[in-house]
1. So which residues in region 1-49 are among the small types (Gly, Ala, Ser) and closer than 22 Å to VAL99 by Cβ, if there are any at all?
2. Among residues belonging to region 8-43 that are at positive phi and in a loop (DSSP other than H, G, I, E, B), point out the one that is surrounded by the most Cβ atoms within 10 Å (Cβ to Cβ).
3. If we only count strands (runs of 3 or more DSSP E) wholly inside region 68-140, which ones have 1 or more residues that are surrounded by fewer than 15 Cβ atoms within 10 Å (Cβ to Cβ), touching a Leu at 6+ places or on another chain (Cβ under 9 Å) and in contact (Cβ under 8 Å) with a residue 12 or more places away in the chain?
4. Looking at ASP128, ASP104, which is the one that is of a type outside the set (S, T, N, Q) and either over 22 Å from PHE23 (Cα atoms) or under 11 Å from the mean Cα position of the chain (by Cα) (or both)?
Amino acid sequence: MVIDNPRRFELVIKPEAAGILRFANLKPRQPPKLQEVVFQVNTNIGKQYQVTQHLSSLLTNVEGRVIPTKYFTLRQENLGGKGEVKYTEQSQIKEGEMVLFISDKEGGPASFKVVYQLDVPSDVHWGDYSATFTYSLAEI
């Protein structure tokens, strides 16, 4: 008898927004805006891994106006599995790469949530802003 156990190593992101976070209809003096993204790692490889995000474009509107990263933060919650979320307290988002999660040594399945927060600047120009992220899953 042969048992086929195909290798699984995948990252599922919900909502599926193709790596774009949108903050619509921003106006000065608004309360902070929140966006939640849930990450699920399905794996059976038994090796330690990490999940990273890469901020490819800053929060920008159609006219090219940019909101500085000092107003854009994130925090995380572990939803299940063994491993370490890196930002349990509100932390500023950095341009480029940020490690979000490192699994335990056994590299089991895991799930975590990232809550992105935009503190709307008082001098923001009215409109819709979006930022582009690339997320990756890699063995370490």
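1. Listed by number, the residues that qualify are ALA17, ALA18, GLY19, GLY46.
2. First pass over region 8-43, keeping only residues at positive phi: 18-19, 25, 29.
Going one step further and asking which of them are in a loop (DSSP other than H, G, I, E, B), we end up with 18-19, 29.
Numbers: ALA18: 8, GLY19: 16, ARG29: 8.
Here the residue is GLY19.
3. Passing ranges, in order: 96-103, 127-139.
4. Every option except ASP104 fails the conditions.
Taken together, the values in this text are just the output of simple stated rules run on the coordinates, not laboratory data. Everything numeric in this text was worked out from a predicted model, so none of it was measured. FYI the Cβ positions are ideal-geometry reconstructions off the backbone, even for glycines, and counts take in every protein chain you see.
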